[in-house]
Structure formats: structure tokens, C-alpha cells
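These notes concern the structure reproduced below.
The values are calculated or read from the model by the stated rules, or taken from the named source; none is laboratory data. Predicted model only: the values in this text are computed from it and were never measured. Using ideal geometry, Cβ is built from the backbone for each residue, glycine included, and neighbour counts are taken over all protein chains shown. To get the accessible areas, we keep the full protein, side chains included, count just its heavy atoms, and leave off ligands, DNA and RNA. Shrake-Rupley method; radii C 1.70, N 1.55, O 1.52, S 1.80 Å.
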2 protein chains.
Amino acid sequence: MNTTLTNGIEIIKATTSKINEVDFENLSFGSVFTDHLLECDFKNGEWQTPVIKPYAPFLVDPSLRVFHYGQAIFEGMKAYKDENNDIWLFRPDENYKRFNKSAVRMAMPEVPEEVFLNGLHQLLQLDEAWVKKGKGKSMYIRPFMIATGTGVIANPSNDYKFMIILSPVKSYYSGDVKVLIAEHFSRAANGGIGAAKAAGNYAAQFYPTNLANKEGFQQVIWTDDATHTKLEEAGTMNVFFRINDTLLTAPTSERILDGVTRKTLIDLAKREGINVEIRPVLVSELVEAAKNGTLKEIFGAGTAAVISPISGFSYQEVYYELPKIEKSMALELKDKLENIQNKLAEDTFGWTVKI
Amino acid sequence: MNTTLTNGIEIIKATTSKINEVDFENLSFGSVFTDHLLECDFKNGEWQTPVIKPYAPFLVDPSLRVFHYGQAIFEGMKAYKDENNDIWLFRPDENYKRFNKSAVRMAMPEVPEEVFLNGLHQLLQLDEAWVKKGKGKSMYIRPFMIATGTGVIANPSNDYKFMIILSPVKSYYSGDVKVLIAEHFSRAANGGIGAAKAAGNYAAQFYPTNLANKEGFQQVIWTDDATHTKLEEAGTMNVFFRINDTLLTAPTSERILDGVTRKTLIDLAKREGINVEIRPVLVSELVEAAKNGTLKEIFGAGTAAVISPISGFSYQEVYYELPKIEKSMALELKDKLENIQNKLAEDTFGWTVKI
């Protein structure tokens, strides 16, 4: 093993690479991982030396806290390689800050910047051959933290493990997405953890989403749990509505994730002179707009898919198909955003950070 | 290794026992485990042969689904040894049924009865020396299931692992418990997963509970998330209120766990001729009863502590101390229940099941 200590990070290089076994033209999202990962353990009240080492399974006790009491958070980020072979991150500070907000809400320790951001830089440098050029191609980055204490008493863990794993991905095409507006199920409570990127939030969505799938809908648009009258998120994404030429999206809250793609699209749309309204959006106004023809587009926004256009929605057993439009605001914003991410357009916002 | 197949369960016995290393008079709850565990994997759409084998760590991939999307459920049960060295379970069918209800809500496969109940019987028989006699002593049983598929796409896992681990415990004494009534935070949403014994529900409670701890309160009484006017659970337990000589507890719902101890206490109390009202209990009536002296007792009810008396509560910055009472309904019910569980009183309900 080739072991070195660089900027406080121990690096153990893999002796061989798996890269030649990977078909980069046929990647299933999030299923292939690079040669290395970053690992940093929290023990005795402090973070230990981070280690970059070969991606491999690790041993866990059956009483591992995360299995029993669910302390687990994550982030989703992407890195892009430009024509000069430089690698760029997109607004990494936003993910770093949100990760630590999630950590606080889940009673987990905050991760130091040197571990999260410096660690990510070094990991990407080591596995740079895995970051492929070309629009749509990117490296999906998954920082996560789990409770690694043992024992089945329902208290916060004393020990934690932070990891970053990397998965090369292609453009995420979600197909034709029809959505069901939630009238009974919900993803978050007032005073709950909906704003945290907590593992448990996702597991809670699978059953209602499966039910929607059986009825022919690919996703659920979540509404507020108390009244089911306000539109909040679409699947695991934030959601935007275009009524005439105005973009509407709900304000972030304890129930709604402060999405990086969401806030980026708001800024981009404003720069393009698009009228953006950030306010609670009612199911009733969506139905009304669909009926009177002013509803032009609905789309989800998130790191994995960037923008996921929605072709229609169902509410109270009635299906509303959206009109086919010539000039999609969703696709135009997606194109502009991807050009910035891929360094094909000038980044006037200073969102991209070079590795 | 001594490997046998008994009633469809493969048994691999430990070559040595750890039992002599354990101080059974000084057990910290849920921290010591017996020599064996039961494991059963769900793969290719079906449950594999269950295996009872030595308790040991196991290997997991960094992209293990449960770390990222939180599909994890569990149960808490207890076994007791009577004076004749027979081992008894308490209402195991209730835990088995609830486990599979949780599984459905979390989009996980239901576990067959042969694996859960027959497996538990055989595991307890093998580790029977670990079940100690005497009131207050018991074997805490932790069946749980985690998503073991790999990859970071936010879909339900295809693979799962079901396990049962056993932890010998002493009587659980929670000390003086003062509680804070939640005015902002909450544990469950309407249309959410509060009724499932899902790992993520517990992680969500740690932060608000830590905040309460800092103010000198050991637990939080959770209220409905929409209005914070209805009393729902106490910490990780169901909650009962005694006003004059009537016991009040909230009806189970999507937000409230259908606790086995809760329903057992309701039946026991009714048999004792106690008036039990199962209906939404308002914070306002609790405060009113505390003020006019009709509030006699508050207690949590759950498998770990059985009954946990609460000495006072705080609401809107006002602390209400409960009166000291001569004849505690909580302690009387606890005594009657523990006598049934320990086979020291006749089990007229047929709740106990011999191993």
C-alpha cells in the first residue's frame, strides 16, 4: 500500500483500478463507484484523521445505531470536467452548509470544512480519471454520515462515520412524468425533519410513491400534512409551476428542503427577466390554472435530474394533462444551468469552483 | 462449527460462550448481547433460509441503502424466566403483526411467521442460560430489518436483512421524569410514518429531546404537529393521564404507535374496574386539571420501561408539579403487569406464551 499524509488527510491508494471494467456509456444512476472513498470517524467527542482509501465494504455490529434509530444524513452534489480537463464543483459551500444543518437537526456532530470540502477536493483529484467530459456527464458525489455507536438504547449515538463516495453518471432522463397530488400521505411534519436531508425522509416516501406508480403516476407531489392544500415538493425534488409566464415555487420551510438547484433556478430565472413568485402555491390555484389554460409547465428541480418536466397531474381522481408547448421555460433554464455547470457558458454568479 | 438444520432454520453454534464475562447485576440497557443471533436475508424476491449463528459483525457496502434512504424498522419485546426455568414471551403475536405493518408502510417485504416467531423460539432456546430469573430481570428482544441493497438511487431496496438480537436487561429505572410539552417540534405527520416502528422516527426526536434536557426536562410529550393542542406520546412511549380516577389516553392513529404495553394496560385497568377513556386529550384540559388539582398522575407506557411515572410537566414556560400520591395507579398497574409477565400472577388474558 502507498500511504501518504496530505494536508492532514491520510491517503491509501488502491493498487489496481476498476476503471477499465466500467462502461461509461451505459451507467445506471448511482450504481458504479470509483476506486476510492473518503472516511472520517467521530469518536470520543472528536473527529479523527480523515482517510482516503480504496472503496470497500466495512464491518458493522448488528446493534449499529443507524440500523435501530436512524441517525443518517446525506448530500447530493456533482462535479464536471471541462474541455481543458479541469474539474469543477457547483456551489459546494451550499451543500456543505446544508449538510451541517441536517447534522444539527439529527443530533449529529457537524463535519469540519477541512474534512468535507478539502477531503472532497483530494478525493476528486485522486479519482479524476473517472470524471468524464461532455454535457450530461458528471460525477455524482455522495457525502453521508451515519451513527456508528452500538447498543439498542434509544439515545443519540456517541460515534459517527462520515464518508464521501463518488459515482460517475450520465444525464438523468426520467421519461414521461405524470404526478399524483397527495391527498392523504405526506413527507414532513410541522416541527419535523422535512428540511433536513435525512435518510428517513426518503424511506417514508416509498410506499405512497409505490401506490401512485400502480395507478400510472411516476411521482407524488407532496402537500402540507395538515390541510393537503399547499403544494410543497415533487418526489425527492423541489417543484416549480409556470402559470402564464410567471414561475411559482413554495418558500422553504421546516417541511421543504432548501434545494441548491431550486435557489439556483430562481436566480437564473430572475436574471432572464422571468417573474418568479416565492409563496405558498395552492392546489386549488393549480387546478384552476389547468382548467383555464394558464398552467403551462410543472417541473421538479434537484441535483440528480437537474430539471424533471412533468407532463400532467391528477387530483381528486381527475387527470389534468399539460399543454405541449413550443418554448419550454424548464428546458431553457436546464440548458442554461447545465452550460454553466459544464463551463460552456460564463459563470457570472461565481457558482463554479475549480478542483 | 456445529451446523444443523432444525425446522427449516440452520443453526451454527458458537464454540465458546461469553456468558461468564457478563455481570448480570450491572447491566446497562441494550448494551450486552447474547452468544447468538438470527439472520434471514431477502434476495431475488424471496426470503432465504434463516440462520442462527454466533453474534458477530458483518460486512456492508458504503452504498448500503439503509445508510442513504433509511428503510429500517424494528420491534421491542421481552422474554421472562419463571421459577420453573420456563421461558415466556409476552404477546409476541402483537409484535409480529406490528412489525409487518411497519414493513408495509416502509415499502419493505413482510417477514414470514416461521422466520420471526419460530426463529425467535429457537434462538431463545439456544441462549436460554442468558435469560435470568427474578422480577425486573428479562431478556430484551430486538427484531429488526434493514435495506441491504446497494447504490444511491432513491428507490426502495431489492434486498433486505432481518435479524433478531437478544440483550439481557434489568428493571429499567428512569429516575425522576419531568416532561416538556412540545409547542413547536413534533414526531409525526398526518399521512406520515408515526404509527410505524421506523428507525427514522427516533432520530427525529433526539434534537428536540436534547433541547428539553438542557432545560432540565428528561422527555418531551409530543403533540399533534398541526395545532400542538393534542397530547400524543411521551418520549418513545405512549402516554396516560389520570384525572381524578379516570385514565385517559389518545386513540392510536397514523401519528401514534399502537403500543402493546398501552393496549395491555387499557385491558388491565378495565379489569380492575378503572374508568378508561380513549379519546384525544387536549393540552388545555391537562393544564386545567393540574390547576384545579384533579390531575393525579401522568405516565409513559412501553416495553423497555413498562411504566415510567412522570413527576411534572412544563407548558408555555409554566411548570406544573404533580401531587405526591399515596396510591399510584401507575405503580399498581405496573406491578400487576409485571406479575403476569413473570408468571407470578395468573394470566387470565392468555397473554403469555411458553417457549
Yes/no for B:Leu37 being open to solvent by less than 60 Å² (accessible area, probe 1.4 Å) and closer than 15 Å to B:Asp127 by Cα: yes
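Listed here are the residues, each with its yes/no results for (1) surrounded by fewer than 20 Cβ atoms within 10 Å (Cβ to Cβ); (2) more than 21 Å from A:Phe74 (Cα to Cα); (3) of a type outside the set (A, V, I, L, M).
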| residue | (1), (2), (3) |
| --- | --- |
| B:Leu124 | no, yes, no |
| B:Asp127 | no, yes, yes |
| B:Trp130 | no, yes, yes |
| B:Arg142 | no, yes, yes |
| B:Ile146 | no, no, no |
| B:Ile153 | yes, no, no |
| B:Pro156 | no, no, yes |
| B:Phe162 | no, yes, yes |
| B:Leu166 | no, yes, no |
Out of the residues in region B:174-204 that are within 7 Å of chain A (Cβ to nearest Cβ) and hydroxyl-bearing (Ser, Thr, Tyr), which is surrounded by the most Cβ atoms within 10 Å (Cβ to Cβ)? B:Ser186
Looking only at region A:233-259, which residues are open to solvent by 40 Å² or more (accessible area, probe 1.4 Å) and more than 14 Å from every other protein chain (Cβ to nearest Cβ)? A:Asn244, A:Asp245, A:Pro251, A:Thr252, A:Asp258
Quick one: what pairs do we get from region A:235-251, first residue closer than 17 Å to A:Asp224 by Cβ and among the small types (Gly, Ala, Ser), second in a loop (DSSP other than H, G, I, E, B) and open to solvent by less than 10 Å² (accessible area, probe 1.4 Å), C-beta under 6 Å, 6+ apart or different chains? A:Ala250/A:Ile256
Filter pass, A:Glu277 being at pLDDT 95 or above, in a strand (DSSP E or B) and closer than 30 Å to A:Ile193 by Cα: yes
Which is more than 13 Å from every other protein chain (Cβ to nearest Cβ) and open to solvent by 10 Å² or more (accessible area, probe 1.4 Å), of B:Lys214, B:Lys230, B:Lys135? B:Lys135
Test result for B:Asn213, closer than 23 Å to A:Gly192 by Cβ, of a type outside the set (A, V, I, L, M) and without any contact (Cβ under 8 Å) to a residue 12 or more places away in the chain: yes
Within region A:13-34, can you find the residues that are open to solvent by 30 Å² or more (accessible area, probe 1.4 Å) and among the polar types (S, T, N, Q)? A:Thr15, A:Thr16, A:Ser17, A:Asn20, A:Asn26, A:Ser28, A:Ser31
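May I ask you to verify whether A:Tyr69 is at the interface with chain B (Cβ under 7 Å from one of its Cβ atoms), modelled with pLDDT of 95 or more and more than 15 Å from B:Thr148 (Cα to Cα)?
Answer is yes for this residue.
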Residue set B:Val60, B:Val32; condition under 27 Å from A:Ala198 (Cα atoms) and among the β-branched types (Val, Ile, Thr); output residue B:Val60
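Of everything in region B:304-316, what is part of a loop (DSSP other than H, G, I, E, B) and either under 17 Å from B:Ala289 (Cα atoms) or not assigned by TED's automatic domain parsing to the domain that holds B:Trp222 (or both)? Give them in sequence order.
B:Gln316
Listed here are the residues, each with its yes/no results for (1) open to solvent by 20 Å² or more (accessible area, probe 1.4 Å); (2) without any contact (Cβ under 8 Å) to a residue 24 or more places away in the chain.
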position	(1), (2)
A:Ala56	yes, yes
A:Leu64	no, no
A:Met77	no, no
A:Asn85	yes, no
A:Lys101	yes, no
A:Val111	no, no
A:Glu114	yes, no
Does at least one position in region B:96-114 carry a residue that is charged (D, E, K, R), out of contact with any Gly (no Cβ under 9 Å at 6 or more places or on another chain) and more than 30 Å from A:Phe185 (Cα to Cα)? no
State whether one or more residues within region B:146-158 are more than 10 Å from chain A (Cβ to nearest Cβ) and either under 18 Å from the mean Cα position of the chain (by Cα) or of a type in the set (Asp, Glu) (or both). no
Checking the structure you have, find out if any residue of region B:28-48 is within 11 Å of chain A (Cβ to nearest Cβ), in contact (Cβ under 8 Å) with a residue 40 or more places away in the chain, touching a Gly at 6+ places or on another chain (Cβ under 8 Å) and of a type in the set (A, V, I, L, M). yes
Could you tell me which residue of region A:308-355 is most open to solvent (accessible area, probe 1.4 Å), considering only residues that are at pLDDT 95 or above and among the β-branched types (Val, Ile, Thr)? A:Thr348
With the checklist (1) closer than 26 Å to A:Pro156 by Cα; (2) in contact (Cβ under 8 Å) with a residue 24 or more places away in the chain; (3) surrounded by fewer than 23 Cβ atoms within 10 Å (Cβ to Cβ) in hand, flag the one item A:Lys97 doesn't pass. (2)
Just a yes or no: is a residue in region B:340-352 more than 14 Å from every other protein chain (Cβ to nearest Cβ), in contact (Cβ under 8 Å) with a residue 12 or more places away in the chain, under 25 Å from B:Asn118 (Cα atoms) and in a helix (DSSP H, G or I)? yes
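Of these, A:Arg91, A:Arg105, which one is more than 12 Å from every other protein chain (Cβ to nearest Cβ) and either open to solvent by 10 Å² or more (accessible area, probe 1.4 Å) or modelled with pLDDT of 95 or more (or both)?
From the options A:Arg91, A:Arg105, the qualifying one is A:Arg91.
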Name the residues in region A:137-154 that are part of a loop (DSSP other than H, G, I, E, B) and touching a residue at least 40 places away in the same chain (Cβ under 8 Å), would you? A:Lys137, A:Thr148, A:Gly149, A:Thr150, A:Gly151, A:Val152, A:Ala154
Provide a single number: the residues in region B:196-208 that are under 14 Å from B:Asp225 (Cβ atoms) and among the small types (Gly, Ala, Ser). 1
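Based on what the data block shows, is B:Ala301 buried (at least 20 other Cβ atoms within 10 Å of the Cβ) and within 12 Å of another protein chain (Cβ to nearest Cβ)?
no
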